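These notes are about the structure you will find just below.
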Amino acid sequence: MSVLFCTSEMYPYAKSGGLGDVAQSLPEALRKKTKVYTVLPLYQTINREKFEIVYANLTFNYVLNGIEHQLDIFINKNNKYELFIYNPILCDRDGLYKDRYGDFGDNGLRFGLFSYACLETMIRLNLKIDAIHLNDWQTSLIALLAKTKYHLSQKIVLTIHNLAYQGVFEKSIMNVLELDWIECFKPEALEYHDQVNFLKAGIFYSDSVTTVSPTYAQEIQTPLFGCDLDDTLRANNYKLQGILNGVSYDTFNPKTDEMIYKNFSLQTYKEKTTNKKKVLKDIGFIESDKPLFVFIGRFTHQKGIDLLIESLNLFKDFEANLVILGSGEEHYETIFNNISVSYPNVYIKIGYDESFSRKLYAAADFLLMPSTFEPCGLNQMICMKYGTVPIVAKTGGLKDSVCDFTDVDYINLKNYKGIGITYEEHNIFWFMHSIAKALSLYGNHKKFEKISKHNMKVDNSWKNSAKEYMELYL
Ligand code: ADP
């Protein structure tokens with residue numbers, strides 16, 4: 001068995017969110033059972049020297065619509081199963097998909113070209129592949145190409161990490177990418193309101209479609225969460241299933257994490273407070289036992305940023321501290337920039353900072369995730385490994401990985417998944433109510449510590465989910 005895993009991001013090379021983590025940790029877990037080749041664009045931001053990425057002695061030209069594109073193939077010197085594709089249109093940008101002015105106008109060409117390049121690389125390197133695993137819209141077109149152009153027999157599996165991003169382009173991209181109008185531009189396949197939709201094509205042409213939690217797999221078949229593709233998903237639901245993401249404990253582990261101030265484990269649990277003290281000092285807050293809440297994530301409506309902003313006015317009167325780390329939509333960044341001075345117990349850092357995020361996971365008592373929807377969510381799983389208690393909206397993968405502490409039978413604690421605070425309705429009342437619950441739980445420190453330690457033991461690794469993917473590849 002051998003798998004080709006195609007992705008537009010992969011930690012530590014390029015990451016904008018959860019896909020980057022999954023594209024690193026899932027292949028890593030699968031490699032314990034089978035051969036997995038990963039293919040990633042060699043973005044200009046990837047440090048070739050540091051990661052020892054070297055030329056693989058393969059360059060080819062691919063002509064699309066009369067334009068010749070040169071593609072150079074690279075590999076990681078330390079892991080020949082990690083492949084990279086370099087082409088200037090695809091790779092020479094300041095961001096992965098967008099810059100401060102918005103999405104790059106030629107993303108359709110960029111990732112269409114990448115899709116061709118993945119298949120061409122597989123064929124030209126003569127890789128013996130049984131299953132091709134695609135991720136999100138950026139690689140969805142591979143399913144269409146595999147079925148309509150290359151007539152491949154490999155099993156095609158598509159994972160939807162977030163249905164909100166679909167890769168919708170003007171229909172002129174059909175000619176740019178030399179796609180067959182008659183065969184592909186049809187309502188059940190690539191056509192979407194007289195435009196083209198890469199993700200929709202992926203759903204139609206793949207043999208199996210997965211998404212990243214069982215609850216999200218159900219939710220996306222409804223108009224409320226379906227992002228206008230719920231009918232497509234219902235029509236294809238015979239091949240749709242939810243497989244909960246895992247996290248890599250090689251990367252996210254308080255025992256070994258080199259980015260945190262003081263490593264700790266269940267045996268040295270007390271050292272968690274050293275991390276809290278250091279972070280408070282770092283951000284100029286007075287050292288205190290007050291509970292520390294954190295938010296880490298993209299500033300976008302999905303992550304509940306409106307609710308978070310609304311909550312600050314009430315939070316300022318609590319005996320607690322809050323640290324917000326994130327970046328994203330400009331209007332949110334502007335709001336956060338303007339308000340940070342008004343709240344003495346709130347610290348806001350705008351930007352993407354892997355090292356600070358780890359320090360926060362280790363230092364925090366509670367992690368806030370007021371998402372409006374959440375396909376899986378990794379933050380809640382990551383934070384639990386660091387003994388931090390998640391406060392989550394009851395949606396998607398959050399629902400599948402966290403239960404409310406008031407529903408727990410503490411005699412049989414080990415039967416439970418992650419424990420935190422959950423709330424059902426997305427509004428300020430229930431969000432503040434859950435923060436108030438957190439304050440009261442923190443007041444009962446023995447109970448808080450029991451939950452925190454339980455969360456450190458919960459197994460959210462890829463062990464079980466990787467098995468489910470293996471079965472799909474057959
Ligand atoms: P997303 O919807 O963004 O993919 P996930 O919860 O699946 O959300 O994954 C988020 C990942 O990105 C986590 O590893 C989280 O720590 C990281 N992350 C998000 N925002 C930031 C940031 N500003 N700085 C550092 N890491 C971040």
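Observations on the structure shown:
- Every pair of residues 6+ apart whose Cβ atoms lie under 6 Å, when the first sits in region 363-384 and is hydroxyl-bearing (Ser, Thr, Tyr) while the second is more than 10 Å from the ligand (Cβ to nearest atom) and modelled with pLDDT under 95: THR372/HIS426
- Test: residue in region 313-322 that is among the polar types (S, T, N, Q) and either within 25 Å of PRO375 (Cβ to Cβ) or not in a loop (DSSP other than H, G, I, E, B) (or both): yes
- For the residues THR334, THR273, the requirement of being in a helix (DSSP H, G or I) and within 17 Å of ALA364 (Cβ to Cβ) singles out THR273.
- Which numbered condition ASP459 misses (of (1) farther than 24 Å from VAL22 by Cα; (2) open to solvent by 60 Å² or more (accessible area, probe 1.4 Å)): (1)
- Count of region 253-264 residues which are under 22 Å from ASP459 (Cβ atoms) and open to solvent by 20 Å² or more (accessible area, probe 1.4 Å): 4
- Residues of region 82-110 satisfying the condition of being open to solvent by less than 40 Å² (accessible area, probe 1.4 Å), among the small types (Gly, Ala, Ser) and part of a loop (DSSP other than H, G, I, E, B): GLY95
- Pair list, Cβ < 6 Å and 6+ apart or interchain, from region 271-285 residues that are open to solvent by less than 80 Å² (accessible area, probe 1.4 Å) to residues that are assigned to a loop (DSSP other than H, G, I, E, B) and at pLDDT 95 or above: GLU271/LYS262; GLU271/PHE264; LYS272/PHE264; LYS272/GLY387; THR274/LYS262; ASN275/ILE260; ASN275/TYR261; ASN275/LYS262
Listed here are the residues, each with its yes/no results for (1) polar (S, T, N, Q); (2) at pLDDT 95 or above; (3) more than 16 Å from VAL346 (Cα to Cα); (4) more than 12 Å from the ligand (Cβ to nearest atom).
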{"position": "ASP289", "(1), (2), (3), (4)": "no, no, no, yes"}
{"position": "PHE299", "(1), (2), (3), (4)": "no, yes, yes, no"}
{"position": "LEU307", "(1), (2), (3), (4)": "no, yes, no, yes"}
{"position": "ASN313", "(1), (2), (3), (4)": "yes, no, no, yes"}
{"position": "ALA320", "(1), (2), (3), (4)": "no, yes, no, yes"}
{"position": "ILE324", "(1), (2), (3), (4)": "no, yes, no, no"}
{"position": "GLY328", "(1), (2), (3), (4)": "no, no, yes, no"}
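Yes/no matrix, rows are residues, columns are (1) more than 16 Å from the ligand (Cβ to nearest atom); (2) closer than 12 Å to LEU163 by Cβ; (3) at pLDDT 95 or above:
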{"position": "GLU191", "(1), (2), (3)": "yes, no, yes"}
{"position": "ASP194", "(1), (2), (3)": "yes, no, yes"}
{"position": "ALA201", "(1), (2), (3)": "yes, no, yes"}
{"position": "SER206", "(1), (2), (3)": "yes, no, yes"}
{"position": "THR211", "(1), (2), (3)": "no, yes, yes"}
{"position": "TYR216", "(1), (2), (3)": "no, yes, yes"}
{"position": "PRO223", "(1), (2), (3)": "yes, no, yes"}
{"position": "LEU229", "(1), (2), (3)": "yes, yes, yes"}
{"position": "ARG234", "(1), (2), (3)": "yes, no, yes"}
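Results for (1) open to solvent by 10 Å² or more (accessible area, probe 1.4 Å); (2) within 16 Å of the ligand (Cβ to nearest atom); (3) of a type outside the set (Asp, Glu), shown as yes or no for each residue.
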site	(1), (2), (3)
SER8	no, yes, yes
PRO27	no, no, yes
PRO41	no, no, yes
THR59	yes, no, yes
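- Of all the numbered requirements in (1) surrounded by fewer than 24 Cβ atoms within 10 Å (Cβ to Cβ); (2) outside any loop (DSSP other than H, G, I, E, B); (3) modelled with pLDDT of 95 or more, ASN412 misses one, and that requirement is (3).
- Taken over region 68-82, the residue count meeting the criterion of being of a type in the set (Ser, Thr, Tyr) and free of Cβ contacts under 8 Å to residues at least 12 places away in the same chain is 0.
- Filter pass, ILE421 being in contact with a Phe, Trp or Tyr (Cβ under 7 Å, 6 or more places away or on another chain), modelled with pLDDT of 95 or more, β-branched (Val, Ile, Thr) and assigned to a helix (DSSP H, G or I): no
- Scanning region 286-305 for residues that are open to solvent by less than 70 Å² (accessible area, probe 1.4 Å) and not in a loop (DSSP other than H, G, I, E, B) turns up LEU292, PHE293, VAL294, PHE295, ILE296, GLY297, PHE299, GLN302, LYS303, ILE305.
- Segments classed as helices (runs of 4 or more DSSP H), wholly inside region 111-213, with at least 2 members that are in contact with a helix residue (DSSP H, G or I) (Cβ under 7 Å, 6 or more places away or on another chain) and either free of Cβ contacts under 8 Å to residues at least 12 places away in the same chain or buried (at least 24 other Cβ atoms within 10 Å of the Cβ) (or both): 136-148, 198-205
- Selection of region 43-55 for residues being loosely packed, with under 15 Cβ neighbours inside 10 Å and under 20 Å from the mean Cα position of the chain (by Cα) yields only THR45.
- Taken together, the residues in region 214-250 that are in a loop (DSSP other than H, G, I, E, B) and within 19 Å of the chain's Cα centre (by Cα) amount to 12.
- Every listed requirement among (1) part of a helix (DSSP H, G or I); (2) open to solvent by 10 Å² or more (accessible area, probe 1.4 Å); (3) away from the ligand (no atom under 16 Å from the Cβ) is met by SER340 save one, (3).
- When residues of region 10-25 are limited to those that are open to solvent by 20 Å² or more (accessible area, probe 1.4 Å) and of a type in the set (Ser, Thr, Tyr), the one nearest to ASP99 (Cα to Cα): SER16
The values are calculated or read from the model by the stated rules, or taken from the named source; none is laboratory data. The shown structure was predicted, so the numbers you read here are calculated from the model rather than taken from an experiment. Backbone-built Cβ (ideal geometry, glycine too); neighbour counts: all protein chains shown. Calculation scope for accessible area: heavy atoms of the full protein, side chains included, ligands and nucleic acids excluded. Shrake-Rupley method; radii C 1.70, N 1.55, O 1.52, S 1.80 Å.
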